[in-house]
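Take a look at the structure below.
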Amino acid sequence: MERELLNKMFEFHGHKCWASALGFRTGLLAMEKLGVKRANVKELFVILETGYHHAAGCFGDGVQFATGCTAGKGNLIRKPRGKLAFTLIDPKHWKQIRLCFNPKIREKIANSSFMKKRSAGVPPTEISEEEVMEVINLVLDSPVEDVLLVGKVGESHFEPPHEVMGLEVCEICGEPVAKAYVRIIGSGQNIKKVCIDCSGYEEGFEK
Ligand SMILES: [Zn+2]
Ligand SMILES: [Zn+2]
């Protein structure tokens, strides 16, 4: 069952890799520890510490797939720290848990023929499936305590962000915009509600 789900995750992610597999395993474990099921809507939140453009960032896709906390639904919150770590939050019961990649397993991963080839600049597409699966199985089958630093379930003070409903149509380009992103330009009788790109203002806020 878990292997079947894992393959679906790889399909979603685009390729087979150890970092997304690790995120998947970690996501499942976090849910088990909190005693919760995958989020269909926003029953759960993830604060993901993976950053941008760094090694093993694929971790975040495994976490999203396992927990149902996804970029689109808005229950995946990014706190880029360059760590393979996240906090899973159950806001209804005010509980949370943080898990992080354990450096213990790093050496084994680094010594795999997959990582040796990657370090030598071989593109992942030119590495055999067997070698890829060897590292994936390493992070999936090694004892949890070798792979992850598992925090304690603790009290959460997380307040889910308020969702602003409704779209307005930009009076310049005519494209629908979520209300929180509408900007006002002009003055007096000449006020227009417009999108950020038509407003000439700097970027909007990131949430
Ligand atoms: Zn990947
Ligand atoms: Zn516009």
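Each residue in the range 57-72 was checked for being in a loop (DSSP other than H, G, I, E, B), surrounded by 15 or more Cβ atoms within 10 Å (Cβ to Cβ) and more than 16 Å from ligand 1 (Cβ to nearest atom), and 3 of them qualify. Picking from residues in the range 184-207 that are surrounded by 12 or more Cβ atoms within 10 Å (Cβ to Cβ) and either within 30 Å of Asp90 (Cα to Cα) or within 9 Å of ligand 2 (Cβ to nearest atom) (or both), the one that is modelled with the lowest pLDDT is Gly204. In the condition set (1) modelled with pLDDT of 95 or more; (2) in a loop (DSSP other than H, G, I, E, B); (3) more than 24 Å from Gly154 (Cβ to Cβ), Val36 is compliant with all but (3).
Would a scan of the range 141-152 turn up a residue that is within 16 Å of ligand 1 (Cβ to nearest atom), closer than 20 Å to Thr50 by Cβ, in contact (Cβ under 8 Å) with a residue 24 or more places away in the chain and surrounded by fewer than 16 Cβ atoms within 10 Å (Cβ to Cβ)? So far as the range 141-152 goes, no, none of its residues is within 16 Å of ligand 1 (Cβ to nearest atom), closer than 20 Å to Thr50 by Cβ, in contact (Cβ under 8 Å) with a residue 24 or more places away in the chain and surrounded by fewer than 16 Cβ atoms within 10 Å (Cβ to Cβ). Here Thr50 passes the criteria (1) part of a loop (DSSP other than H, G, I, E, B); (2) out of contact with any helix residue (DSSP H, G or I) (no Cβ under 6 Å at 6 or more places or on another chain) except the one numbered (2).
Taking the listed residues Gly14, Gly51, Gly35, the one that is away from ligand 1 (no atom under 16 Å from the Cβ), of a type in the set (Gly, Ala, Ser) and surrounded by fewer than 19 Cβ atoms within 10 Å (Cβ to Cβ) is Gly35, with no other qualifying. Within the option set Glu155, Glu126, Glu163, being closer than 27 Å to Ala39 by Cα, charged (D, E, K, R) and modelled with pLDDT under 95 holds for one residue only, Glu163.
The values are calculated or read from the model by the stated rules, or taken from the named source; none is laboratory data. Please read all numbers here as calculations on a predicted model, not as lab measurements. Methodologically, a virtual Cβ is constructed for each residue, glycine included, from the backbone with ideal geometry; neighbour enumeration extends over all protein chains shown.
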